[in-house]
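Okay, structure first, notes after.
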Amino acid sequence: MENRTIVVKLGTSVLTGGSSQLNRAHMVELVRQCAALHRHGHRVVVVTSGAIAAGREHLGHPPLAPTLPNKQMLAAVGQTQLIRVWQDLFNLYGLHIGQMLLTRADLEDRERYLNARDTLRTLLDHRIIPVINENDAVATAEIKVGDNDNLSARAAILADADLLILLTDQTGLFTADPRSNPDAQLIEEVQTIDDTLRKLAGGSVGGLGTGGMATKLQAADVARRAGVKVVIATGQMPEVIGRLARGERIGTLFPALASPLEGRKSWILAGPPPHGEVRVDQGAVAAMQEKGSSLLPKGIVSVKGDFVRGDVVRILDPKGVELARGICRYDHLELEKLRGVHSDQIEQILGYGYGAVAIHRDDMVLL
């Protein structure tokens with residue numbers, strides 16, 4: 001088995017076993033499995049949940065209203081406790097860890113994204129295990145990635161990972177909710193993530209975490225487009241991390257798409273959320289999908305949202321289905337004036353120009 005970069009995401013339900021506090025006995029078992037991968041030459045990244053749960057435990061489970069300041073207070077207290085537990089457990093195997101706390105703002109800005117990537121990869125180069133969590137103590141709803149499933153997908157892209165393991169309290173993705181439907185069947189492999197599949201995904205039910213199967217689908221979709229294989233599996237299965245690293249078929253597999261994205265396109269997909277959208281005609285759809293063409297103003301039918309030059313926007317087909325994302329060369333007011341016109345009219349209409357295309361194919365990710 002060749003040496004690979006493996007990201008292991010551990011949800012709150014896995015770390016607590018569904019209880020109200022960290023299950024240290026199980027955590028040391030997970031660490032042992034990660035240490036075994038490390039010993040065999042693999043590069044291991046841990047994305048951990050559990051800071052708020054650790055904070056509640058440390059403070060004796062105080063009765064607090066579920067307000068943002070209270071959650072941030074619990075995260076601030078719990079993050080120090082959580083990282084101490086990880087440090088103590090990895091020290092048992094003679095391994096060093098490095099903590100990285102991220103917010104969406106760190107991923108949206110291109111320079112900060114590159115800095116985070118360089119830090120993460122330098123830790124791995126020095127055989128230090130990065131332990132990543134969202135910086136819940138300072139993050140507001142506007143700057144949160146939202147959940148550690150999606151954070152782990154972005155960490156996998158930052159690390160140029162080969163495999164993302166999403167460990168949860170469920171065996172994998174099922175045809176129905178196995179907690180209420182005894183006829184539910186495990187879906188062993190997913191080739192296409194569509195609306196039908198998304199409807200099968202339920203929400204978080206444990207009351208401790210922020211993610212459910214729906215967020216795992218989102219994470220899998222992002223990571224596999226960047227060339228990362230993804231598996232959703234239960235964290236309670238013996239030797240699950242090592243078995244998945246060896247290629248054993250456990251849980252639900254999402255194979256990586258054939259062509260991994262280069263760095264800039266990975267950032268478009270993993271970093272900033274779209275600031276607006278443009279709807280295009282069928283001719284533009286065909287040119288982009290079949291010829292790999294850039295998006296020209298001529299093909300734009302409508303513009304929605306307030307965005308500036310350099311923002312990421314969604315590109316929708318005539319039916320409103322998201323076709324691609326890309327970095328726009330003109331702002332929303334300029335594109336509103338340019339939609340439906342030929343490129344050689346740009347300077348005549350605006351009095352200036354930033355090139356013949358609205359979104360260049362090198363700044364675009366087809367979905």
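Numbers at a glance
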{"quantity": "Assigned charges on the beta-carbon of Lys, Arg, Asp, Glu; the chain dipole about Cα centre (debye)", "calculated": "500"}
{"quantity": "For region 51-64, Karplus couplings with θ = phi - 60° (6.51, -1.76, 1.60), whole Hz, Gly/Pro x", "calculated": "5, 5, 4, 5, x, 4, 4, 5, 8, x, 6, x, x, 10"}
{"quantity": "Cross-link pairs LYS265/LYS319; LYS304/LYS337; LYS216/LYS319 - those with Cα-Cα distance over 21 Å", "calculated": "LYS265/LYS319; LYS216/LYS319"}
{"quantity": "Shape of region 1-124, Cα gyration tensor, a/c cut at 1.5", "calculated": "oblate"}
{"quantity": "Sorted peptide list for 358-367, 333-342, criterion being average Cβ within 10 angstrom, highest first", "calculated": "358-367, 333-342"}
{"quantity": "Straight-distance crosslink candidates among aspartates and glutamates, where the alpha carbon sits under 14 Å from LYS291 and sequence neighbours closer than 8 are dropped", "calculated": "ASP362"}
{"quantity": "GNM result for the chain, Cα springs below 10 Å: residue of GLN282, GLN33, GLN218 fluctuating most strongly", "calculated": "GLN282"}
{"quantity": "By average C-beta atoms within 10 angstrom, highest first, the peptides 47-53, 303-309", "calculated": "47-53, 303-309"}
{"quantity": "Extension reserve of the GLN87-HIS126 stretch, reckoned as 0.36 nm per residue once the Cα distance is removed", "calculated": "12.4 nm"}
{"quantity": "Convex hull per residue volume in Å³, alpha carbons only, for the chain", "calculated": "144"}
{"quantity": "Carbon + sulfur, % of accessible area of the chain - ligands and nucleic acids excluded, 1.4 Å", "calculated": "49"}
{"quantity": "Against the rule of thumb 2.2 N^0.38 Å, how large the Cα Rg of region 224-367 comes out", "calculated": "1.31"}
{"quantity": "Residue among VAL357, VAL14, VAL321 with the largest mean-square fluctuation in a Gaussian network model of the chain, springs linking Cα atoms under 10 Å", "calculated": "VAL321"}
{"quantity": "Sparsely packed trypsin sites (Lys or Arg not before Pro) within region 43-152, loop by DSSP, other Cβ within 10 Å at most 14", "calculated": "ARG127"}
{"quantity": "Under-5 Å amide H pairs with ILE129, H placed in peptide plane, nonlocal only", "calculated": "HIS96, ILE97, GLY98"}
{"quantity": "Hits among aspartates and glutamates - C-alpha to C-alpha of LYS71 under 20 Å, sequence gap 8 or more where chains match", "calculated": "GLU57, GLU134, ASP136, GLU142, ASP147, ASP149"}
{"quantity": "Cα shape, region 153-200, gyration tensor, a/c 1.5 rule", "calculated": "prolate"}
{"quantity": "Normalised convex hull volume, region 293-367, alpha-carbon set, Å³ per residue", "calculated": "79"}
{"quantity": "Dipole of the chain, positive end: most advanced residue of ILE327, GLY292, ILE193 [Cβ charges, Cα centre]", "calculated": "ILE193"}
{"quantity": "Whether region 211-307 is rounded, prolate or oblate, judged on the alpha carbon gyration tensor where a/c under 1.5 counts as rounded", "calculated": "prolate"}
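The values are calculated or read from the model by the stated rules, or taken from the named source; none is laboratory data. Computed from a predicted model, the values in this text were never measured in an experiment. FYI the Cβ positions are ideal-geometry reconstructions off the backbone, even for glycines, and counts take in every protein chain you see. Heavy atoms of the whole protein, side chains included, go into the accessibility calculation; ligands, DNA and RNA do not. Shrake-Rupley method; radii C 1.70, N 1.55, O 1.52, S 1.80 Å.
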